[in-house]
Each structure stands twice: as C-alpha cells, then as structure tokens.
1. For the subset of the stretch 29-44 comprising residues that are farther than 19 Å from residue 111 by Cβ and more than 34 Å from the chain's Cα centre (by Cα), which member is surrounded by the most Cβ atoms within 10 Å (Cβ to Cβ)?
2. Condition check: out of contact with any Cys (no Cβ under 9 Å at 6 or more places or on another chain), under 30 Å from residue 86 (Cβ atoms), free of Cβ contacts under 8 Å to residues at least 40 places away in the same chain and not hydroxyl-bearing (Ser, Thr, Tyr). Does residue 128 satisfy that?
3. Which numbered condition in (1) part of a helix (DSSP H, G or I); (2) without any contact (Cβ under 8 Å) to a residue 40 or more places away in the chain is the only one that residue 167 fails?
4. I'm checking my understanding of the structure. Among residues of the stretch 170-191 that are in a helix (DSSP H, G or I) and of a type in the set (A, V, I, L, M, F, W, C), which one is nearest to the ligand (Cβ to nearest atom)?
5. How do the strands (runs of 3 or more DSSP E) wholly within the stretch 234-315 filter down when requiring 3 or more residues that are modelled with pLDDT of 85 or more and either more than 18 Å from the chain's Cα centre (by Cα) or not assigned by TED's automatic domain parsing to the domain that holds residue 330 (or both): which remain?
6. Which ones in the stretch 140-164 are in a loop (DSSP other than H, G, I, E, B) and within 9 Å of the ligand (Cβ to nearest atom)?
7. Would you check if there is a residue in the stretch 326-336 being at pLDDT below 85 and over 23 Å from residue 271 (Cα atoms)?
Amino acid sequence: MRIDIISIFPEYLGALDISLIGKARRDGLLDIGVHDLRDFTHDRHRTVDDTPFGGGAGMVMKPQPWKEALDSLVGRADSGRPRLIVPGPSGRRFDQQLARELAQEPWLAFACGRYEGIDERVYEYAAGTLGLTVDVVSLGDYVLNGGEVAVLAMVEAIGRLVPGVVGNPESLVEESHEDGLLEYPVYTKPAVWDDGTVVREVPPVLLSGNHAAIAQWRHEQRVRRTAERRPDLVHPSLTGVDLDDLDVRAATPADVPELLVLTRACWLEEVAEVAPRWRGPNESLAEHTAALTEWQTWVVRSHGRLIASVRARRKPGEPHRWWIARLMVAPDQQGTGLGRALLAHAEAQAPADITEFWLNTGRWRAANQRMYKKAGYRLLPGSSEVHEVAVDLVKPRR
Ligand code: JBE
C-alpha cells in the first residue's frame, strides 16, 4: 500500500519510522512518502497561509502550494490516483469500519491542514480538476492544532490492517471495535499479586483450564464493559435504537427554541388535564436557556431535526444521586426505543461517584412506567403518597 502525507511539519511524522509501522515500511509492506508543503512555495519566506476573506480569527492555507503538492503526487502517478483524506474536526468520524475500508485502497494521500483550514477551492480542485475522491475525516469531537496527529493515528489504524503488518493476524480479530464490542479484561502472572495494600487475585475462571467457561466469561465481560462504557455501541437488539445512527450531543442555547417546542408537544395533554399546575410546558425561552446551566442536557437529531432530549444533574444535598428529567421524544417518534436509548445515555453520563439514578414521572403514563421498569427502575416506597400526580422512580447504579 502506498501512502503520501503532505504537511508543513514533516518531522512530526517521524514517528512512522518506529515500531510496527516502521518495520512494515522497511519490509516494503507500506510505502510511505512524507512531503513538505513548503517545498511547493516560491517566495523567500516559503509562505503557506494568509488572512481570511470576510475577516475572522486565524490564518487560512493558500491554495497554490496545495495545488502544486497534489500535482506532484498525481503527476508522478504511473498507475491510478490516490484517495485523498483531509483530517479535520468538521469531517466524518474515523472508526474501525472506515479504517477497514481505507485499508483496501492501493493508494492514500493525506493533506495535513494547519491554522484555520485550507482554502475551500483546494477541495474543489482535488475533486473536480484532479478527479480525486476527497474525504474530510475527524478522529473525534475535539480540536487539534493540525492534521498531523490525526494522520499518525489513522495511518497506524489503517496500516495494521494491511496483510503482513501485524505478525499474528489472530490478534486483529479479537479486538475492541472489530465486532462492535469492547475487549475483555486481561491478566498475566502472578495469579496472586500483592499491590502493597491489597492482595489481588486473577478471576478463578481464567485458571480453570475450562475453555468454554473462559470464552463465556470473556464474552460476558465484553458485553458488560460495552454497556457500561459505551452504551452507544450496544447492539440494537439490546437497546432497541442504535444511538450510533443518531446524532446525540450536549444541548446549546441554539437548541432552545426547538427544545421549547418539543416540551410543549410532549406535555400538551398534561397542561390541559392532568397536571394543570405544572409549569414545565409553559416555560419561556429564557427559562429553558437558564435550565441549560443548571442541568446537563442532551439532544438527539435525525436528519437535522431535533427529535428527542433528556437532561440530568446532581441536586444540592444529594451528592450520589443522578436526577434524570425531561426525557422527551417527539410524538411521531415515540415507541421506537429512542427514549430507552436516551435514558441509557443519560445514565452513562453520570459522574463516577453517582450510586443511584432517580427520576419522576406521571403516574398515568403506563407506557413510560413499563419502559422505566424494563430499564431497571423501581417505584420509590411511599412515593405515590408524596406526589399526587407523579411518582419517583429509583435505580441503583450497577
Ligand atoms: O481529528 N482530526 O482529524 C482533527 C484534525 C485537525 C484538527 N482537529 C481534529 N480533531
């Protein structure tokens, strides 16, 4: 496999000489070329950036050096064209599936941007004039200073899938993310280890020699870990809705108008009949906005539309209790398992020292109560006496 990387910090990519990827290069399995973008400038200062049209902070990478750098790759081509990957926080998420897909390509080129990004016409030139497939790809939802660190990660994840790069191909199969579950915990000798304070033992099943029992234990550990750490990965058959297919994120003030509409849509009947004194559905935009600072709120979007939300927080004087509230699913999306999945999301976001989840729900809402019960919630003893129209539900954290 051929990989070309264009960067203004070629030294950054020196790490690709090390370890398995370095060995694969020396063995001829990976043909990696690193190119300095400044070699394609013509001024004394080797300038690669300039100020943005329309104003704003930071600098933008100029198109001309990028054109010449890309031309030099494609021009030298004896066969085919590279697939161009531009790492950037606004790209499609990089994951094991994309790594597998890219590992099938004969030739990849990575363009590392710095500053506020690359002039948009470079993308048009690469896709339009050069006819390359161009993908903006992001490691995750955080901002790096440039694409180099992301390229190191992507080349490592892709490179190790190229046949021969990892010595024992079996170790590729049993890994986190290969089949959608996280890895099981692993142990090595000694079987009994004194950490200085506590004597810690390896789970006995691993010493039993019973391979079927070991396989079963490991599978259970994988499912449990995945549910605990990454509920978004848990298979749809376990949670109903695959949160992976949905866009779940922390709510911002920009979400408030739609949150207000969702709140009114979800609690219309309560206002009219069941809980006429409850202010929730009548809250103003300002009240909804203020709630964003008191609560952690998450919203779910599907095709851009806000279809569900939930919020959670610790209340003063109740340090180990995670209150989950305003679990709302748009009327046309109810009954899809979305509420259950979002509840799991809110639980998973609880800080580590939380020991129980609480929520309060309308007594007359049988479907909701069934769902909460299935999710492990129990009616708080005495709760129905305290509230007329709603009950408190509690669930210990596993
Ligand atoms: O993940 N990425 O590919 C990035 C590249 C550049 C800046 N921030 C990122 N997250």
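1. Of everything passing the filter in the stretch 29-44, 42 is surrounded by the most Cβ atoms within 10 Å (Cβ to Cβ).
2. yes
3. Residue 167 satisfies all of (1) part of a helix (DSSP H, G or I); (2) without any contact (Cβ under 8 Å) to a residue 40 or more places away in the chain except (1).
4. Going through the qualifying residues, I end up with 172.
5. 305-315
6. Result: 140, 141, 142, 143, 144, 145, 147.
7. Within the stretch 326-336, one or more residues are at pLDDT below 85 and over 23 Å from residue 271 (Cα atoms).
Condition check ((1) closer than 20 Å to residue 3 by Cβ; (2) touching a residue at least 40 places away in the same chain (Cβ under 8 Å)) across all residues:
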{"site": "25", "(1), (2)": "yes, no"}
{"site": "48", "(1), (2)": "no, yes"}
{"site": "72", "(1), (2)": "yes, no"}
{"site": "80", "(1), (2)": "yes, no"}
{"site": "85", "(1), (2)": "yes, yes"}
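The values are calculated or read from the model by the stated rules, or taken from the named source; none is laboratory data. What you see is a predicted model, and the numbers here were worked out from it, not measured in a lab. Positions of Cβ are backbone-derived with ideal geometry, glycine not excepted, and every protein chain shown enters the neighbour counts.
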